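Structure first, commentary second.
The values are calculated or read from the model by the stated rules, or taken from the named source; none is laboratory data. Remember, it's a predicted structure, so these values are computed and weren't measured experimentally. Cβ sites come from the backbone with ideal geometry, for glycine too, and all protein chains shown count toward neighbours.
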Amino acid sequence: MSEMVMITAYIRPHQLEGVKTALADLGVSGVTVNDVRGCGASPERPRLFAGQEYKISMPARARLSVAALASLTEPIIAAIIEHAHTGESGDGKIFVEPLADAIRIRTQERGDSAV
């Protein structure tokens with residue numbers, strides 16, 4: 001069984017399509033996406049809406065989860081950064097964790113063949 005990783009990225013929702021396309025171009029087919037809200041280390045900045053200033057304390061983000069072979073870690077990270085980067089505070093974060101095992105329920109395949 002090859003080493004596997006779970007890559008979790010939090011990005012701006014409007015960057016999602018570019019990231020999904022880039023991952024598909026790498027041959028990554030298993031991506032889970034959730035709509036989430038949260039705050040990071042950046043201080044809140046007031047936003048102007050309808051002439052009023054508001055602070056958005058929990059901005060919307062897209063959370064992508066990808067289980068992949070460890071050999072694909074750097075290409076996946078590079079694709080996410082390339083397509084999610086705006087250069088502004090709040091671009092997001094990427095987390096990489098070792099993945100002990102994966103099991104495909106339908107066939108009971110395990111390990112990298114299940115990914």
Next item on the list: Could you run through the range 85-100 and say how many residues are of a type in the set (Asp, Glu) and at pLDDT below 95?
Entry: 2
Checklist line | Hey, residue 67 more than 13 Å from residue 115 (Cβ to Cβ) and either touching a helix residue (DSSP H, G or I) at 6+ places or on another chain (Cβ under 9 Å) or in contact (Cβ under 8 Å) with a residue 60 or more places away in the chain (or both) or not | finding: no
Checklist line | Residues (more than 30 Å from residue 111 (Cα to Cα), in a helix (DSSP H, G or I) and in contact (Cβ under 8 Å) with a residue 12 or more places away in the chain) located in the range 1-53 | finding: 13, 15
Check: Where residues in the range 65-115 are loosely packed, with under 14 Cβ neighbours inside 10 Å, within 17 Å of the chain's Cα centre (by Cα) and of a type in the set (S, T, N, Q), which of them is nearest to residue 18 (Cα to Cα)?
Finding: 86
Next item on the list: Quick one: residue 34 ticks every box in (1) loosely packed, with under 12 Cβ neighbours inside 10 Å; (2) at pLDDT 95 or above; (3) more than 13 Å from the chain's Cα centre (by Cα) except a single one, so which number is it?
Entry: (3)
Notebook entry, point to check: Assuming residue 83 fulfils every condition listed in (1) of a type outside the set (Gly, Ala, Ser); (2) part of a helix (DSSP H, G or I); (3) closer than 13 Å to residue 5 by Cβ apart from one, which condition is it?
Noted result: (3)
Note to self: Among the residues in the range 78-95, are any of a type in the set (Gly, Ala, Ser), in contact with a Pro (Cβ under 8 Å, 6 or more places away or on another chain) and either over 20 Å from residue 33 (Cα atoms) or in contact (Cβ under 8 Å) with a residue 24 or more places away in the chain (or both)?
What the structure shows: yes
Item checked: Number of positions in the range 54-76 that are part of a strand (DSSP E or B) and modelled with pLDDT of 80 or more -> 10
Check: Which of the residues that make up the range 21-39 are in contact with a helix residue (DSSP H, G or I) (Cβ under 9 Å, 6 or more places away or on another chain) and either at positive phi or of a type outside the set (Val, Ile, Thr) (or both)?
Finding: 22, 23, 25, 26, 27, 29, 35
